[in-house]
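The values are calculated or read from the model by the stated rules, or taken from the named source; none is laboratory data. Since we're looking at a predicted model, the values are computed, not measured. Cβ sites come from the backbone with ideal geometry, for glycine too, and all protein chains shown count toward neighbours. These accessible areas exclude ligands, DNA and RNA; they are computed on the full protein's heavy atoms, side chains included. Shrake-Rupley method; radii C 1.70, N 1.55, O 1.52, S 1.80 Å.
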Amino acid sequence: MGAGDFNLKQGRASTDMKKEIFAVGNAHLDPVWLWQWGEGLQAARATFQSALDRIAEHDEFVFTCAGSGIYQWIEITDPQMFREIQRAVEEGRWVLVGGWWLQPDCNIPSGESFVRHSLYGQRYLLEKFGRCATVGYNVDSFGHSWSLPQILRKSGMDSYVFMRPGPHENPDIPGRLFRWEGLDGSSVLAFQIPYQYNLEGERLAQRWEDIVEEANDQQPMMLFYGVGNHGGGPTKASIAFLDEKKKGDEVSLRFSSPEEYFARVRKLGITPPVYPNELQHHASGCYSVHSEIKRDNRQAEAALEAAEKWAVIAAANTEYAYPAQELTRAWQGVLFNQFHDIMAGTSLESAYIQAKNLHGYALQLGDEVGEFARQAIAGQIDTTRQEGVPLILWNSTSWPRTEVVTAELQWREQEIEVVDLEGNPIPTQVMAPEAAIAPGSRVKIAFPATVPALGYRGYWAVPKVRTTGNDPSAVIVRTNGMENQYLRVEFDVATGALISLFDKTLGLEMLASPGRAVVCDDDSDTWSHGVFSFPNQVGQFDGAEVRIMEAGPVRGRIRIITKFQNSTLRQDYILAAGCRYLDCQATIDWREQHQLMKLTFPVNVTEPTATYEIAYGHITRPCDGEEEPGQRWVDLTGTHRASGTTCGLTLANDCKYSFDITDSEIRMTVLRSPAYAHHIPRRLEPGDEVEYIDQGQQRFAYRLLPHRGGISSGEFSAPRAGVELNSPLVVREDYRHSGPLAPEASFGSTSQPQVHLAVVKQAEDGQQAIVIRAWETSGQDLAEPVAISVMGYRFTAKFLAHEIKTFLLSQGLVTETDLLERPLTD
């Protein structure tokens, strides 16, 4: 090797080569944090004007900023400034990075939300600037899901810049520059920002030598400078400081961008180490703090995905017009609320009032579009097959479902039952309606139903013909428990603990000891900086009040009310006929501070494997008690202590994201109660005037599902369990009318249960085209191609483990695309 060459084997520069420093002038803009979004907008305007001024003053200065949503703000409020930015981008003085709508929390959003960040973010950049970003950019997010490399690559980005977790939080990350390999095998070049993304003034001077020293081990190096968070960007003083450093002999410094840095790395032929894992942990309290924002996020994601499916089906079968602009606007609102300081629960209380309004728009729009679309379809269905009041059941998932559903309807007859398409009577249970009104006008019923994949099926409510004797019950309800053909559950009537979950099919007791609601001390700040677990249990909910709420032929419901100090927990346990799972609808009235609440489920297995759902995938982690992010389900599988059988317990939920598993016990964090936006090193003192998070009442639901084998074994699927709890069957009363559609139909399915049809939507570029997205959920390569059927299109596709595939259906042709809906190229 000659002088100045790069030593590829050692991954470092030879001694006579100048160290290369790429100085990245940037402004990390928090649209919301210790301020509301209106102040964030003003900070963005001021910051962008400052950046344009620096470009005009300094011939070499280059500015970098991420967040398509922020650029849209400027386009709306200051078109002249926006045109100047467009010119600066064209000249290469302003570099677009990120490619996402904003810099979100990178653990809480669903896989489809991350796709929408790319879809709307990159397409906006392409439309307004004529180019997409090639560098993913989440410099302040609090950890990064292992599924992101695939999403980045399929969105046109081959590299990634982040800062957290730092080396002190995850020493396994193999250096500043490495190749980040995702759970599906996709990979991107990744760079971990040294020290801070907003070095300025004294901090820049103090860290200069440290960054130069680090460049001994890895070449080249990026230095990020510019006032951030509340904006400001690079200052004249910092630019002058760097101009002086350019004159030295030790380093070769250039004003540059992440895009140019990664191009230089590739040109040098550097082969960085590979890191095949998630990027965790930082601020683990953010997985659970502020329950309302997390619940609204989960509900909005599910509502919009379902609304798109029904809107596509309605547009193809009726005169209903697909509301593309409205759905895009709603999605962009959901994405805005996924900004890391909003979704993480670390912003001001007043900021969450605005966030709730934004989620309210998305939830209302999703509900409205879904309802309009389903009822437009319902108007075309022949509902005259049977006598009585038609009930149409809707299933938005890509597999058929058999479940017990509830419906409330106008009913003045003395007795009621449900019949199916053939007129066969269905076991029907009558319950009290939601409204506290006199009997005789409305009724609530429960009945088992089967609905085809991504489709509907008709049932009819009819006057019941009296028979001798009572209906045989498929659920036995006792004061201390319930039992159906698959499960037997028991409770401690004194403490309210769940003491037995016995799987009758397997002949196995699934609980090693009682499951409880416990409380742990938590004196950490809002983020839980430096805290990786919450082991200090200080009490539990106790003193149970037990009531039998329902005991009928279709389902049983037992209510257990317990207390801890000033807080009350109400759990309604529901066991339905034919169901292999136990449901719980919970309401907590929480009045404690600097504490957190967990639900515990000690699983009766040894050698456990803990699996957590993440965005478009799942991951196994150690059973070491560390707080971990998860989504709709977690699972613990191992060897049953008594029988030696491989079995496990899946815990699904409808709005929680934080768990820990110690040995063989699953613990779900329900809530935390730190002060709003409390950041160490400040310590709270008695008498401080602060507001505390998660005070008052909230509702959530969870499901316990025992199983044989792993997370996808036989008929069992943990991924399906999570989807089903979060996407319940919809029941709507209709009226008798004829129509061209049959009383039962399916509009989409896959031939393999491991492949889920997650998205059916209108293509961004045309009303006549449909886009679908499917993903492999078991984590295994599929040996045979999967047959996919959607809206009359039938085709096959090969899926590898955890693979996400997108297809464009148009004019009888099927084209595989990337996540931006662009055809794949070889």
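Below are the figures for this structure:
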{"item": "One residue from Phe336, Phe372 being open to solvent by less than 40 Å² (accessible area, probe 1.4 Å) and either outside any loop (DSSP other than H, G, I, E, B) or modelled with pLDDT of 95 or more (or both)", "result": "Phe336"}
{"item": "Residue in segment 679-702 that is farther than 18 Å from Asn297 by Cβ, β-branched (Val, Ile, Thr) and more than 24 Å from the chain's Cα centre (by Cα) present", "result": "yes"}
{"item": "Test for Ile680: is it in contact (Cβ under 8 Å) with a residue 12 or more places away in the chain, of a type in the set (Val, Ile, Thr), closer than 26 Å to Ser398 by Cβ and open to solvent by 20 Å² or more (accessible area, probe 1.4 Å)", "result": "no"}
{"item": "Residue within segment 144-154 that is part of a strand (DSSP E or B) and at pLDDT 95 or above present", "result": "yes"}
{"item": "Selection from segment 518-533 of residues that are within 25 Å of Pro602 (Cα to Cα) and open to solvent by 10 Å² or more (accessible area, probe 1.4 Å)", "result": "Asp521, Val531, Phe532, Ser533"}
{"item": "Residue list for segment 295-310, filter: under 14 Å from Pro728 (Cα atoms) and not hydrophobic (A, V, I, L, M, F, W, C)", "result": "Arg298, Gln299, Glu301, Glu305"}
{"item": "Failed item in (1) polar (S, T, N, Q); (2) out of contact with any strand residue (DSSP E or B) (no Cβ under 6 Å at 6 or more places or on another chain); (3) surrounded by 19 or more Cβ atoms within 10 Å (Cβ to Cβ), with Thr806 passing the rest", "result": "(2)"}
{"item": "Residue that is farthest from Ser533 (Cα to Cα), among those in segment 235-281 that are touching a strand residue (DSSP E or B) at 6+ places or on another chain (Cβ under 8 Å) and of a type in the set (Asp, Glu)", "result": "Glu250"}
{"item": "Segment 635-664, residues that are within 11 Å of Val603 (Cβ to Cβ) and touching a Phe, Trp or Tyr at 6+ places or on another chain (Cβ under 7 Å)", "result": "Leu649, Thr650, Leu651"}
{"item": "Long-range neighbours under 7 Å by Cβ, at least six apart or interchain, first residue in contact (Cβ under 8 Å) with a residue 60 or more places away in the chain within segment 287-298, second open to solvent by 10 Å² or more (accessible area, probe 1.4 Å) and not in a helix (DSSP H, G or I)", "result": "Tyr287/Asn107; His290/Asp694; Ser291/Asp694; Ser291/Gln698; Glu292/Gln698; Arg298/Asp654"}
{"item": "Qualifying residues in segment 227-266 (those that are polar (S, T, N, Q) and surrounded by fewer than 19 Cβ atoms within 10 Å (Cβ to Cβ)) - the one farthest from Arg179 (Cα to Cα)", "result": "Thr235"}
{"item": "Pairs, first more than 21 Å from Glu278 (Cα to Cα) in segment 620-645, second basic (Lys, Arg) and surrounded by fewer than 21 Cβ atoms within 10 Å (Cβ to Cβ), C-beta under 7 Å, six or more apart", "result": "Thr645/Arg708"}
{"item": "Single unsatisfied condition, Asp217 versus (1) touching a strand residue (DSSP E or B) at 6+ places or on another chain (Cβ under 7 Å); (2) at pLDDT below 95; (3) open to solvent by less than 70 Å² (accessible area, probe 1.4 Å); (4) outside any helix (DSSP H, G or I)", "result": "(3)"}
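Per-residue answers, yes or no, for (1) within 18 Å of Arg632 (Cα to Cα); (2) open to solvent by 10 Å² or more (accessible area, probe 1.4 Å); (3) within 24 Å of the chain's Cα centre (by Cα); (4) touching a residue at least 40 places away in the same chain (Cβ under 8 Å):
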position	(1), (2), (3), (4)
Gly722	yes, no, yes, yes
Ser727	yes, yes, yes, yes
Gly739	no, yes, no, yes
Ala787	no, yes, no, no
